[in-house]
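Trainee: Before we start, here is the structure in question, set down as structure tokens.
The values are calculated or read from the model by the stated rules, or taken from the named source; none is laboratory data. As the structure is a computational prediction, the values presented were derived from the model and not from experiment. Positions of Cβ are generated from backbone atoms using ideal geometry, with glycine treated the same way; all protein chains shown enter the neighbour counts. Just the protein is used for accessible areas: all its heavy atoms, side chains included, with ligands, DNA and RNA removed. Shrake-Rupley method; radii C 1.70, N 1.55, O 1.52, S 1.80 Å.
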Amino acid sequence: MTDFKQVFESINQTKDKYKKSNLLNSLNGIEPDESYIEDLKELTNKVREVKIDAIGLLSNYNNKQLEDFFIKKTESEKDNFIVCRCIRGLNLNGSEKSAQFLLDFYKKTRSIDIKSEIIHSLRIINVRNTISEVVKNGVHKLVGNKYPFFQGYWTDLKKAETTTKKNWSQIAEIQLNQNKLNLLFVENEQYDIHIYIEKMKKDFIRYINVYCIPKHHKSTFSKYYTPSEFYISENRLFDSFFEKTKTMRPDNYITEIIRLLENELLPKLFSRVDMLDDLAKMKFEDFTRRENEIYDTLYGTSWDFVVSRQLTEKIDIFRDNPDKDKFIELVIAKWVKQGKEYFSILDYLENQKNSR
């Protein structure tokens, strides 16, 4: 079993930058050792190959003393890839101070990669910290919505036209005639629905997406792990339904797209939402009898690689379930069975046993 002591003994005995890089990478799967923070900081001043992995390893730590370190590194580094690594270090170590810094840094950079990393970090900082209304409003303005749902930044949710459950198809027809589709409507008190067409270019549809956005979901987290944002979606490649041509404009497929949404994508989405709601209240004994059916409805597969990840991200649904610990043990077993369990994920799941 690799540990920090062994790795740093080897690092100190070699001058090979690639060997040092590999040694640092070998530590990513184990719990960080606080006593090596200063050693790792020193390595962030070395050659690029070593610097990248030292910064990456430091980003696994949860130590508020690292916040200023990562902010200063982000400001001083010129290499965009390294800057992204530094921003990632604020995920577990950042506070409101980092949120404000990232909002300001977003305005300064032209790099799409850096902007993407900032959005990802802001989501995690927002989940893990109590943020003032002033800063939170800045985050909402940047992302474009007030949902606990940062994915909307990438799906143009801020540009969505708001309509109703009754009238969405009429609005969809009007938008499709304008060669676009981006609308939002209230499904019920718990969920809103976002329908969106993603294009590769102006006249070529890539995906048709439907999202069910929970309006009140509150994520839990552990010292080392923050789940991905909670939402349910259905999406299809457009050419998996219709013949692929060089030009695939939405206004050429108005009737077909609305029919696809009404008859397939939305019903499948609502079926998954209902199944997830049922699962949250289900007795573990009943779950074991329907396990494959549940997986097929929710994920389209019972492959442990998919199921373990998906259930980990949604483990909060079992918060009030008396059999919560049994469901958590099932997910842990699926991770262990794969031989790819990660200390941060297992730590998160173990912590969930004791939270309500």
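Trainee: Tell me, how many Å apart are the Cα centres for segment 1-76 and for segment 188-224?
Mentor: Using only Cα atoms, the two centres lie 36 Å from each other.
Trainee: Here is a follow-up. Considering the Cα trace of the chain, what is its radius of gyration and what is Dmax, both in angstroms?
Mentor: 22.8, 70
Trainee: While we're looking at this one, here's another question. Could you sort Val47, Val83 by accessible area so the largest value comes first, with the probe set to 1.4 Å?
Mentor: Val47, Val83
Trainee: With contacts defined as alpha carbon pairs under 8 Å and 6 or more residues apart, what's the relative contact order of segment 227-347 in percent?
Mentor: About 27 percent, as a whole number.
Trainee: Have a look at Leu23, Asn292, Ser219 and report the one farthest towards the positive end of the charge dipole of the chain, computed about the Cα centre with Cβ charges (Lys/Arg +1, Asp/Glu -1).
Mentor: Result: Leu23.
Trainee: For helix 96-108, what angle does its Cα long axis make with the longest principal axis of the chain, in degrees from 0 to 90 and rounded to 10?
Mentor: So the helix axis and the longest Cα principal axis differ by about 70 degrees.
Trainee: Helix-only estimate, please: 222 nm mean residue ellipticity of the chain, summing -39500 (n - 2.57) across DSSP H runs of length 4 or more and dividing by its residues, to the nearest 500.
Mentor: Roughly -15500 deg cm²/dmol at 222 nm, from the helical runs in the chain.
Trainee: Please find, in a Gaussian network model of the chain (springs between Cα atoms separated by less than 10 Å), the residue of Lys73, Lys146, Lys244 whose mean-square fluctuation is greatest.
Mentor: Maximum among the listed residues: Lys244.
Trainee: When the Karplus curve 6.51 cos²θ - 1.76 cosθ + 1.60 is applied with θ = phi - 60°, which whole-Hz ³J(HN,Hα) does each residue of segment 214-229 get, with x for Gly and Pro?
Mentor: Result, rounded to whole Hz: x, 8, 10, 5, 10, 7, 9, 7, 10, 4, 10, 9, 10, x, 5, 5.
Trainee: Pop out the carbon and sulfur fraction of the accessible area of segment 147-279 as a percent, whole number, probe 1.4 Å.
Mentor: Roughly 46 percent of what the probe reaches on segment 147-279 is carbon or sulfur.
Trainee: While we're on this one: Hey, what angle do you get for helix 112-128 against the long axis of the chain, alpha-carbon based, 0 to 90 degrees rounded to 10?
Mentor: Between the helix axis and the principal axis of the chain, the angle is about 90 degrees.
Trainee: What is the Cα centroid distance between segment 82-113 and segment 225-278, reported in whole angstrom?
Mentor: So the two Cα centres are separated by 33 Å.
Trainee: Would you grab the residues whose amide H sits under 5 Å from the one on Arg206? Only those 5+ places off in sequence or on another chain, please, with H modelled 1.01 Å from N.
Mentor: Glu198, Lys199, Met200
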